[in-house]
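Report on one structure; see the data block that follows.
The values are calculated or read from the model by the stated rules, or taken from the named source; none is laboratory data. In this text the structure is predicted, and so the values were computed from the model without any measurement. Every residue, glycine among them, receives a Cβ derived from its backbone with ideal geometry; neighbour counts consider all protein chains shown.
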Amino acid sequence: MIRQLLLLPHIKVHNANALSSPFTIGFPAMTAWLGATHALQRKLNSDGFESLKFKATAVLSHESYLQTFRGVGDYVHSIVGTGNPLDKDGKRPSFIEEARIHLDVSLVIELEGVEKIDEERFKDRVYHHLCSRMKMAGGDILSCKQPFLSRLDEDSEEDIARFRRRLMPSYAIVERKDLMVEAMESGADAIDALLDYLSLHHSCEEEDKKVVWKSERKSSGWLVPIAVGFQGISEIGVAKNQRDPNTPHRFAESVVTLGEFKMPYKITSIDEILWRYSYDKEKSLYLCEQNK
């Protein structure tokens, strides 16, 4: 099967939103990345590429600098705030501190409807929109490299290997909700299951009349909590002063699960790293998921 892919390499994002959910800080939520690519698609649709559709998105992190600080003797990290201008009395104005992160990321986007487009003009418009008009995950795009269009034959091991090399070195964020499901089916509460996989477990054994301490996690891999969408907690209706008067409104809360940063050389299929929108009407879930 031939897949049409657009690679946006090394996008440097300044001050992206690191508060990905009400109780997690770090890598931006998956909704932020898919929202950015959807915004880019809409700009391209209005730019003459009406048939273009972005089907799925992969996010690969090259570098990240979370804006926190922990001094000598401190128990927790503190958020590095911004230096806002002084007010008329020469004092710092009150403001809500926001967690920020500087990123160097690449995006891989699966395309649909690009059979008859002018590829050179398409890449030029993508680069123009990225570097001159857009924000990403709430942050400013400082720079990006030239986009790259490719056709990936999933039945060709050579094509897969070439694709993996193009993404290295980086870490792709993949979904690991299977660990959460397994723990919750065994009777664990959702937050307990999440913390159990993120915690460092210490144990000791006696070897040659000496006590040897070991520290390990419950599962291997670089596991992190990630925000993947929202669940509705009220009926769909109309709220006073809602942002869009033409779209039904409902209150929702964040959905957080486990994710894993995985190096691309370990993947065997592009679907292992691609994220898509998903809607479950019965459970009122608005999610970003992977179809592995």
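Any idea which residue in the stretch 147-164 is farthest from the chain's Cα centre (by Cα), counting only those that are exposed (fewer than 12 other Cβ atoms within 10 Å of the Cβ) and touching a residue at least 24 places away in the same chain (Cβ under 8 Å)?
Going through the stretch 147-164, the residues exposed (fewer than 12 other Cβ atoms within 10 Å of the Cβ) turn out to be 151, 155, 157-158, 161.
Okay, now just the ones that are also touching a residue at least 24 places away in the same chain (Cβ under 8 Å), so 151, 155.
On the way: R151: 24, D155: 28 Å.
By that ranking, first place goes to D155.
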Handout entry: Hey, L19 closer than 18 Å to R125 by Cα, of a type outside the set (V, I, T) and buried (at least 18 other Cβ atoms within 10 Å of the Cβ) or not
Key = no
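Of all residues being β-branched (V, I, T) and modelled with pLDDT under 90 in the stretch 84-125, which is nearest to P22 (Cα to Cα)? Just the residue, please.
Here is the first cut: in the stretch 84-125, the ones β-branched (V, I, T) are 96, 101, 105, 108-109, 114, 117.
Those left that are additionally modelled with pLDDT under 90: 96, 114, 117.
Details: I96: 14, V114: 39, I117: 42 Å.
Only one residue tops the list, namely I96.
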Problem - Listing of strands (runs of 3 or more DSSP E) fully contained in the stretch 185-292 that carry 1 or more residues being under 26 Å from S170 (Cβ atoms) and of a type in the set (F, W, Y) - result: 222-232, 252-262, 276-280
Problem - Tally of residues being surrounded by 12 or more Cβ atoms within 10 Å (Cβ to Cβ) and either hydroxyl-bearing (S, T, Y) or in contact with an Asp or Glu (Cβ under 8 Å, 6 or more places away or on another chain) (or both) across the stretch 66-77 - result: 1
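Surrounded by 11 or more Cβ atoms within 10 Å (Cβ to Cβ) and either out of contact with any strand residue (DSSP E or B) (no Cβ under 8 Å at 6 or more places or on another chain) or hydroxyl-bearing (S, T, Y) (or both): is that true of H102 in this structure?
Working: surrounded by 11 or more Cβ atoms within 10 Å (Cβ to Cβ): yes; either out of contact with any strand residue (DSSP E or B) (no Cβ under 8 Å at 6 or more places or on another chain) or hydroxyl-bearing (S, T, Y) (or both): no.
Judged against the criteria, H102 is not a match.
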Practice task
Please specify each residue of the stretch 215-247 satisfying the condition of being out of contact with any Cys (no Cβ under 8 Å at 6 or more places or on another chain), surrounded by 15 or more Cβ atoms within 10 Å (Cβ to Cβ) and either in contact (Cβ under 8 Å) with a residue 60 or more places away in the chain or more than 30 Å from F261 (Cβ to Cβ) (or both).
Solution key: V224, P225, I226, A227, F230
